[in-house]
Amino acid sequence: MKFSSKTNKKKKLFQIPKTGINLLPPELKIEHQRKRTLLQAAILGLTIFFLFLLIALWMALANYSLASALLQTKTQIASEESETAQLKEITQKVTQLNQTFKLLDLLDRERIDWNAVLKELSATTPTQVQIMGLTLSKQTPNLTINGRAVSLREILRFQTKLESSSYFQNATLTSLQQTGEKESGYIFNLTVNLKKTNERNSH
């Protein structure tokens with residue numbers, strides 16, 4: 001036992017104390033420190049990269065959802081606008097048909113032969129006058145003639161022929177506009193009253 005105790009004392013005498021001193025050469029110390037710094041920077045960079053990547057993915061998904069919702073809303077609005085336009089067009093056509101039926105009924109009640117009126121209008125129109133449109137009305141005057149003429153004289157001549165016709169009366173020039181410099185002439189509107197059958201027969 002005494003021998004063992006002496007041996008332990010000798011071991012303690014020759015034991016190298018543990019210290020935190022780095023015994024590496026300065027060059028290796030600097031190299032190890034540089035590698036450690038680079039590794040830490042790489043880890044930090046990767047962490048930041050993945051963080052930004054996650055944020056970018058989240059924003060992309062949010063933008064996609066928003067764009068999809070916006071597109072769906074636009075499609076729905078376009079569909080509703082198309083349906084509204086179609087409904088408006090149908091309503092206008094129905095209104096025009098109703099007006100046409102009312103005018104036809106008016107012509108029938110007033111005993112006015114529309115085909116005969118058109119033939120008489122064609123016969124009384126001078127060659128230098130062009131009829132551009134006709135508008136029937138339930139009110140007096142009940143016919144508006146829109147036309148074009150090469151001169152004011154031809155318009156007055158047309159008005160006189162309408163007055164002398166057995167189908168028209170009270171021909172009135174309501175508007176007159178001279179055309180542009182390149183195309184000489186006049187655009188006009190004339191209103192007349194259509195004579196009933198009994199009024200024509202009395203003359």
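Quick note: the coordinates plus some simple rules give every number you see, no bench work behind them. Bear in mind the structure is a predicted one, so any value in this text is a computation, not a measurement. In this analysis, Cβ positions are derived from the backbone assuming ideal geometry, glycine residues included, and neighbour counts consider all displayed protein chains.
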Modelled FRET efficiency - R0 41 Å, THR127 with ASN193, Cβ distances, 0.05 increments: 0.95
Per-residue ³J(HN,Hα) for region 58-65, Karplus 6.51 cos²θ - 1.76 cosθ + 1.60, θ = phi - 60°, Hz, x for Gly and Pro: 5, 5, 5, 5, 5, 5, 5, 5
If amide hydrogens are placed 1.01 Å from N in the peptide plane, which non-local residues have theirs closer than 5 Å to the one on PHE168? LYS195
Kindly rank 82-90, 153-161 from highest to lowest mean number of other beta carbons found within 10 Å of each residue. 153-161, 82-90
Pull out the extension gain between LEU54 and ARG34, defined as 0.36 nm times the separation in residues minus the alpha carbon to alpha carbon distance; nm, one decimal. 4.2 nm
Considering only lysines 8 or more places apart in sequence, or on different chains, count the pairs in region 110-202 whose C-alpha atoms sit under 15 Å apart. 5
Taking the highest mean first, how do the peptides 49-56, 165-172 order by number of other beta carbon atoms within 10 angstrom per residue? 165-172, 49-56
How far is it, in nm, from the label point at THR84 to the one at GLU27 when both lie 7 Å from their Cα along the line to the Cβ? 8.3
Relative packing of peptides 113-119, 29-35, 144-150 - highest average C-beta neighbours within 10 Å first: 144-150, 113-119, 29-35
Starting from the Cα of ALA42, step 7 Å along the direction of its Cβ; do the same at LEU156; then give the gap between the two resulting points in nm. 10.6
